[in-house]
1. Simple spin-label model, 7 Å along Cα-to-Cβ: N299 to A91 in nm?
2. Can you list the residues of segment 168-195 with backbone N under 15 Å from a point 7 Å past the Cα of Q219, pointing along Cα to Cβ?
3. Using only the Cα atoms of segment 146-290, build the gyration tensor, take square roots of its eigenvalues as a ≥ b ≥ c, and label the shape rounded, prolate or oblate: rounded if a/c is under 1.5, else prolate if a/b is larger than b/c, else oblate.
4. Can you pull out the trypsin sites (Lys or Arg not before Pro) in segment 224-296 whose DSSP state is coil and whose Cβ has at most 16 other Cβ atoms within 10 Å?
5. Give the relative contact order (percent, whole number) for segment 210-337; include only Cα pairs under 8 Å separated by 6+ residues.
6. Grab the Cα-Cα distance for Q84 and A163, subtract it from 0.36 nm times how many residues apart they are, and report the gain in nm with one decimal.
7. Of all GluC sites (Glu not before Pro) in segment 248-331, which ones are in loop regions per DSSP and have a Cβ with at most 12 other Cβ atoms within 10 Å?
8. Computing the accessible area with a 1.4 Å probe over protein heavy atoms, can you report the carbon and sulfur percentage for segment 237-337?
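The values are calculated or read from the model by the stated rules, or taken from the named source; none is laboratory data. Computed from a predicted model, the values in this text were never measured in an experiment. So basically every Cβ, Gly included, is an ideal-geometry build from the backbone, and we count neighbours across all protein chains shown. Accessible surface is based on the protein model in full, side chains and every heavy atom, while ligands, DNA and RNA are left aside. Shrake-Rupley method; radii C 1.70, N 1.55, O 1.52, S 1.80 Å.
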Amino acid sequence: MRRHLWVVVAIIAALAAGWWLGRNAAPARGSIVAENANADIGSPSANARPNAPRRAAVHAQSELPTKMASASKPLPPPGTPLKQTFEELKARADAGDAEAASRLFQDAQRCRRFRQLIRRTPQMAKRWLDEKSDGATAEDLKITDAFLGMAQSQLEFLRSNAALCSDAPEQVDSSLPLALLAAQLGDSAAANCYVGGADTFGIPSGVVDHPEWLSEYKQNALAYADATVEKGDWTMVSQLALAYEGNVPSLLGQVTGIDAAMTYRYLTLSRLGVQDNSSDKTIRYLDMRLKTMAENLTNEQKLAAENWARNAYQSYFANNRKNAAYNGFTICQSDGP
């Protein structure tokens, strides 16, 4: 087993060496600031924040610039190195090409994940290889097997994306503006990523150099969250419930603030999409959260939240009744391990 793992580590190390040799010639970090418009994304008739001040609006898809002729032009073949396609995709996205914006977001996320794995996988593997195997328990061996499987999965991801991500522009490390650009053009996955902070632990890369991104986020995040819920997206429902509950630190939570009534609203909506199963611990946990929030509300507040949730479920989730995100969700997915 350890010899097999050493092979995995050796190949990853070789990939890393080639990556870093080529990376020295990469262009300097650039700024990708997405432009805001004054178009408004409408709220549902039962407004999610009836007493909240109006926030500056964001691009509605209908308000975006008419697609240029290049929008009908086929996208570059999948797997084309991002260093060759970045400028074209960015220009087309800026002009309103939704497909180009989504492709740029997806490829950039994949290459960002590629860089992360190149940096950390050899060190993690070495740490496990240095662990003493003498006297290892069955549980220890099970953990080692799990790590080996993860290392192999990461190796496959590195192999399959090496051509795409070789010498990719530095801008791929700054996820927030690329996610915003795709979200503006209607990409729900990008909207979830943007609202979630577009980075590990919701801390966006590059904001020290670009504090204006945080101002844009504060202005736009809730409008995109509402619009994505209206598309029937359960992941966004879960993100909003956690943000308003305030138990998990997040960039979104700093915008929403803690609000028991809003938490109850989104938890109730989330619960409507879950089939009853008394043996499911996660459902019981969701019910417990609802009960805890209800203790802090008046009967009028609970009734208003429940009515809103039922209306939202009927209006927005008619084609997506089953909530698959109540027990966990992934944002900024890169199709990687």
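1. 6.6 nm
2. Correct set: 177, 180-181, 184.
3. It is oblate, given that a/c is not under 1.5 and a/b is not larger than b/c.
4. Of the trypsin sites (Lys or Arg not before Pro), the ones in loops of segment 224-296 whose Cβ has at most 16 other Cβ atoms within 10 Å are K231.
5. Values: 133 pairs, mean separation 37.7, N = 128.
Contact order relative to length: 29 percent.
6. 27.3 nm
7. Passing sites in segment 248-331 are E295.
8. C and S fraction of accessible area: 48 percent.
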